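K.L.:
Just dropping this structure here.
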Number of protein chains: 4
Amino acid sequence: MRAVLRMCCPDRPGIVAELSNFIFRNRGNIVHLDQHVDTEANVFFARIEWMLKSFLIRREGMRSAVEDLVRPFEPTFLSLDFTDQKQRVAIFVTKENHCLYDLLGRCSGGELDVEVPLIVSNRDSLRHDVEKFGIPFHHVPIEPETKAAKEGHELELLAEAGVDLVVLARYMQILSPAFLQSFAKPVINIHHSFLPAFVGADPYRQAFERGVKIIGATSHYVTEDLDQGPIIEQRVVRVSHRDSVKDLVRHGRDLEKVVLARAVWHHVHHRILVYGNKTVVF
Amino acid sequence: MRAVLRMCCPDRPGIVAELSNFIFRNRGNIVHLDQHVDTEANVFFARIEWMLKSFLIRREGMRSAVEDLVRPFEPTFLSLDFTDQKQRVAIFVTKENHCLYDLLGRCSGGELDVEVPLIVSNRDSLRHDVEKFGIPFHHVPIEPETKAAKEGHELELLAEAGVDLVVLARYMQILSPAFLQSFAKPVINIHHSFLPAFVGADPYRQAFERGVKIIGATSHYVTEDLDQGPIIEQRVVRVSHRDSVKDLVRHGRDLEKVVLARAVWHHVHHRILVYGNKTVVF
Amino acid sequence: MRAVLRMCCPDRPGIVAELSNFIFRNRGNIVHLDQHVDTEANVFFARIEWMLKSFLIRREGMRSAVEDLVRPFEPTFLSLDFTDQKQRVAIFVTKENHCLYDLLGRCSGGELDVEVPLIVSNRDSLRHDVEKFGIPFHHVPIEPETKAAKEGHELELLAEAGVDLVVLARYMQILSPAFLQSFAKPVINIHHSFLPAFVGADPYRQAFERGVKIIGATSHYVTEDLDQGPIIEQRVVRVSHRDSVKDLVRHGRDLEKVVLARAVWHHVHHRILVYGNKTVVF
Amino acid sequence: MRAVLRMCCPDRPGIVAELSNFIFRNRGNIVHLDQHVDTEANVFFARIEWMLKSFLIRREGMRSAVEDLVRPFEPTFLSLDFTDQKQRVAIFVTKENHCLYDLLGRCSGGELDVEVPLIVSNRDSLRHDVEKFGIPFHHVPIEPETKAAKEGHELELLAEAGVDLVVLARYMQILSPAFLQSFAKPVINIHHSFLPAFVGADPYRQAFERGVKIIGATSHYVTEDLDQGPIIEQRVVRVSHRDSVKDLVRHGRDLEKVVLARAVWHHVHHRILVYGNKTVVF
């Protein structure tokens, strides 16, 4: 079992020395240490993963020990996680099943070691696909006039299931600011373009009409600004004049699956640090 | 020696049969035939390259023979070129020399079989770089109040040198609509972003600030709308949070060189068909 | 509904004219025409797809009409297919489920329009995964001494199900020459390396030990020579010293899924022409 | 001005703490710290770059101070470099000029901050290309019977010029083991294939004949085993059946230039650690 510390603070000499000394003198063994300094913004970022086998501080005391240690550095972000805590992930879908299948396949194959206690959809068409995996499927149709109430219902479902993360796997509804504020936990979306190009609806058609030679997909944390949240992962593929919009959609699905899955993988392995509107992905 | 026919017209049955029959019955041998139908727009595109060795129609009569042949198809674009016509290319630069060097290296190595009769710059700093290749260098500084006159001078230089194509190899001036209309021949630009993302100035900084995980470069034909012309080629490279703006610039230069060179290569080999604001690159 | 003609013959003038005339005078409309000449080997390749709506020749007479037409060109390969013939695909697996899930997901999402009448495995562990898709699962364990008999059983299963194509989706057994000869239909394999690098067992470990900076996956038609058949599709991804063998396996799975799926897609759309030990993928 | 420490030793707890403490208590400020553990081989790797502005140890005493510090860790590799030491690079070429031009362009543009005191070729054809850059060109033709003597002459040229690194920029001669042992400094080569595929002569033809869908280029340190040295960088590009050997050569040149330039860039920035037959490129 391992501990993972992520931290972000103003840069100054001695931070790595302090952190690594703390782990060493408590008999931890560092497995990964990544640090990065944004020299323009003078911000220090670190992610340290160490083995807890012979560690002298017990788990219940660790958080306060770490907080005491780093207080002088005035961290703007601090997180301590343990690799044996399995995360609970809700998946939101609409009618396309490729990202959903891909994620569930990764769970079943052991690559993604998370719990998926529920799947939510604004349509009913993927119920059968979901139920054959033995996962509860909740159909929550949303109309403009019912949105607030329906989102309230979704929040209850998430709370009951103890969800840590929501993944929008081609969910064709915009989550309201109120929803995001109430949920107050991360939401990861897949957008089917190479952001910031082609924000909004029907990006493959936009790409076709602009005549780009490469299309992409982007996973990002959801914020209140549509398609403007911190980017986690992007992938692209070459296309040509021979590709119709339908072909772009087909090629794009392959990108979407991988890009979303990698974002979720990095998130649940505590490898992402958000600062400003950007991410450090260690 | 070969002939290259490019054509674009409303789609209907029998076009390929008509074109290939014409070449066959005149004893040409087709080396490449590429056709494409945009089924949404119902437009037919073709590029046919055939050997002229035993061709029954002599070069001086070929253009009118082809025009007669395709008239019934009402082509919206028609071009007939011969592979032994060496094209004359003017390169415009400012202060960065990487695209310039790359193009001149390709000419000297035989990959780009064109004449470069002159190089124009709004600064004087690359004069030495250029003159060691034995190419005339024209320093044409441009200020807002002198722009019209200076562009007039550039147009004279291009006309005297019999230039067929202008390549903007990181030329940091915007060509005026008047210049483009007077020149009335193609102008290819390299933009240092993955268009349509990051139009305009300082795209690497824009990319850094948006936190994208991939950067790109785009070559396109220049139109009166800045960075909006038909895209010819795009390439991308992965970057990470470790890359500063300076690193993005460095990685981007490698993209710019290849993307611009490939656009020029495709253009001088008569492989590009422009329609609307898009390209077919055969 | 459309017809697809694929043909390969010694190159000579007039082939395209003959083929396109044939279609035109019988009132077909060409949707796609791709031709290619291997000028080194002097071989002509073509794939033509045309609409049958107003075509004058009825389906039952078409094959002999086409054969008569192309006989003078002495084709070394000739195939005529119709886009409404749904193909029957058997999938062979061992214990890894990622390619299997991916293929079944594509079938269920409509991207791959094929029938999967059975799945064969030399292990029993994926039975549950398969049966939840409602597809018959056949466990055919294979030991050296039983191989001939067991392969005979597999051939019976394939024959009963009227299978047109076998896909080895990480099937960890080598099909015997006798099996391939008896089956006499195409078999597509996914090899988890960038062939011809790292033939044989455990290619990710081989890649790790050689210290390559990029890994790949390759789909190919199976021949009697292990991992030597005609390559259909390849994809790669960058890796670094930070990636353990386990990480390479994880990244590689994403390649394997896409590379295999695209090979199957191209095959079932009659877009592949095999010649010598290579493929033309139109 | 900065110091760069690279080190490799058996892994054990406390190494990072010791190194970072040393820098901190001597008032250095770490700009980059990258560490990596090969958990299979139990080897620790680190590269630390820190600012020397207020550093308490003067440059002449630093090497021994660092050696004393790390002795208990029994390093198998240790290197301390300073970023103001400009390296001296000899380039060996034969007849192709693309990698040469590319490297010299990068030097002239400021991207590669090295001295190039001489260029050596076994042919005379690039003399003019080189001399226009004002760099001494040495024509050292090599025949089997004269190889030992001619290599002796090359070694003298390298010694006189104080060369730190030899770059083989498409040099079509094999350096003898005796040469490598006498030179006793790094030699970087560009091989025009995706190693380990297509070792030896004419890799583009090998790639064409195998029918691969992707080609590559590989830069590596030269060892006595042909094309078997530690790989530094690799890049690939998609090709298709439409590409002749000549097209592969053309596409490949673009890879070769970038791959070689990046290897040299990483080397002269002290970012590479060789262990066994692999590299860590920080």
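The values are calculated or read from the model by the stated rules, or taken from the named source; none is laboratory data. Model, not experiment: these values are computed from the prediction. With ideal geometry, Cβ positions are generated from the backbone for all residues, glycine too; neighbour counts draw on all protein chains shown. Please note that ligands, DNA and RNA were not included when accessible areas were found on the heavy atoms of the full protein model with its side chains. Shrake-Rupley method; radii C 1.70, N 1.55, O 1.52, S 1.80 Å.
K.L.:
Could you work out how far the C-alpha centroid of region A:162-203 sits from that of region B:162-198, in angstrom?
P.N.:
Centre-to-centre (Cα) distance: 39 Å.
K.L.:
Now for a separate question. Residues with beta-carbon under 12 Å from that of B:Val163, excluding B:Val163: net charge, scoring Lys, Arg +1 and Asp, Glu -1?
P.N.:
-3
K.L.:
Moving on to the next point. What nm distances, shortest first, do you get from the label point of A:Asn42 to those in the other copies when the point sits 7 angstrom along Cα to Cβ?
P.N.:
Result, one decimal in nm: 4.5, 6.6, 7.5.
K.L.:
What residue among A:Glu156, A:Glu40, A:Glu60 has the largest mean-square fluctuation in a Gaussian network model of chain A, using Cα springs under 10 Å?
P.N.:
A:Glu40
K.L.:
Between B:Thr39, B:Thr94, B:Thr146, which gets the highest mean-square fluctuation from a Gaussian network model of chain B, Cα cutoff 10 Å?
P.N.:
Greatest mean-square fluctuation among the candidates belongs to B:Thr39.
K.L.:
Here is a follow-up. Solvent-accessible area per residue for the protein assembly as shown at a 1.4 Å probe radius, Å²?
P.N.:
Computed with neighbouring chains in place, this is 39 Å² per residue.
K.L.:
Something else about it: Just to confirm a number: summing +1 for Lys and Arg and -1 for Asp and Glu over residues other than D:Met51 whose beta-carbon lies under 14 angstrom from that of D:Met51, what do you get?
P.N.:
Overall, the nearby charge balance is +2.
K.L.:
First select every other residue whose beta carbon is under 13 angstrom from the beta carbon of B:Ile142; then total the charges, Lys and Arg +1, Asp and Glu -1.
P.N.:
Local charge sum for B:Ile142: -2.
K.L.:
Pick from A:Ala201, A:Ala46, A:Ala169: which is most flexible by mean-square fluctuation in a GNM of chain A where alpha carbon atoms under 10 Å apart are linked?
P.N.:
Checking each option, the largest mean-square fluctuation is seen for A:Ala201.
K.L.:
Determine, at each q value in 0.04, 0.08, 0.09, 0.10 (inverse angstroms), the log₁₀ of I(q)/I(0) that the Debye formula gives when each Cα of the protein assembly as shown is one equal point scatterer.
P.N.:
-0.23, -0.99, -1.27, -1.56
K.L.:
Separate question: Quick one: what do you get for chain D if you divide its Cα Rg by 2.2 N^0.38 Å?
P.N.:
1.10
K.L.:
Output the antiparallel fraction of DSSP beta bridges having both residues in chain B, as a percent to the nearest 5.
P.N.:
70 percent
K.L.:
Still on this structure, please answer the following. Return the distance in nm (one decimal) between the two label points of a simple spin-label model at C:Gln85 and A:Gln181, each offset 7 Å from Cα along Cα→Cβ.
P.N.:
6.3 nm
K.L.:
With the crude spin-label approximation of a point 7 Å out along Cα→Cβ, what separation in nm comes out for B:Ser125 versus C:Ser54?
P.N.:
6.4 nm
K.L.:
A further question on this structure: How high is the FRET efficiency between C:Arg71 and C:Met172 when r is their beta carbon distance and R₀ equals 41 Å, given to the nearest 0.05?
P.N.:
0.35
K.L.:
Can I ask one more? Work out the length of the dipole vector of region A:150-271 about its Cα centre, built from +1 on the beta-carbon of each Lys and Arg and -1 on the beta-carbon of each Asp and Glu, and round it to the nearest 20 debye.
P.N.:
720 debye
K.L.:
Something else: Report, in whole Å, the centroid distance computed from the Cα atoms of region A:217-259 and region C:76-109.
P.N.:
Value for the Cα centre distance between the two parts: 25 Å.
K.L.:
May I ask you to list the residues of region D:195-219 whose amide nitrogen lies under 17 Å from a point 7 Å from Cα along the Cα→beta-carbon direction of C:Asp225?
P.N.:
D:197-199, D:205-213
K.L.:
Okay, next question. Under a crude label model (7 Å from the Cα following the beta-carbon direction), how far is C:Asn277 from D:His138 in nanometres?
P.N.:
4.3 nm
K.L.:
What whole-number distance in Å separates the alpha-carbon centres of region A:44-69 and region B:37-52?
P.N.:
66 Å
K.L.:
So, R0 is 22 Å and r is the distance between the beta-carbons of D:Thr39 and A:Arg63; what FRET efficiency does that work out to, to 0.05?
P.N.:
0.25
K.L.:
Check the straight Cα-Cα distances from A:Lys132 and name the lysines below 18 Å, setting aside those fewer than 8 residues away within the same chain.
P.N.:
A:Lys95, C:Lys132
K.L.:
Only bridges whose two residues both fall in region C:1-147 count here: according to DSSP, what percent of them are antiparallel, nearest 5?
P.N.:
Roughly 75 percent of the beta bridges in region C:1-147 run antiparallel, per DSSP.
K.L.:
Using r as the Cβ-Cβ distance of C:Val245 and A:Glu18, and R0 as 45 Å, what FRET efficiency do you calculate, to the nearest 0.05?
P.N.:
0.85
K.L.:
Please return the longest range in chain A lying between exposed loop sites, taking trypsin sites (Lys or Arg not before Pro), DSSP loop only, at most 16 other beta-carbon atoms within 10 Å, and leaving the sites out.
P.N.:
That would be A:133-241.
K.L.:
Here's a follow-up. Percentage of Cα-Cα pair distances in region D:1-130 greater than 22 Å, rounded to whole percent?
P.N.:
53 percent
K.L.:
With both bridge residues required to lie in the protein assembly as shown, what share of the DSSP beta bridges run antiparallel, to the nearest 5%?
P.N.:
So the antiparallel bridges in the protein assembly as shown amount to around 75 percent.
K.L.:
Then there is this: Would you compute, from DSSP H runs of 4+ residues alone, the mean residue ellipticity of chain C at 222 nm, taking -39500 (n - 2.57) per run and dividing by the full residue count, rounded to the nearest 500?
P.N.:
Calculated from helices alone, the mean residue ellipticity at 222 nm is -10000 deg cm²/dmol.
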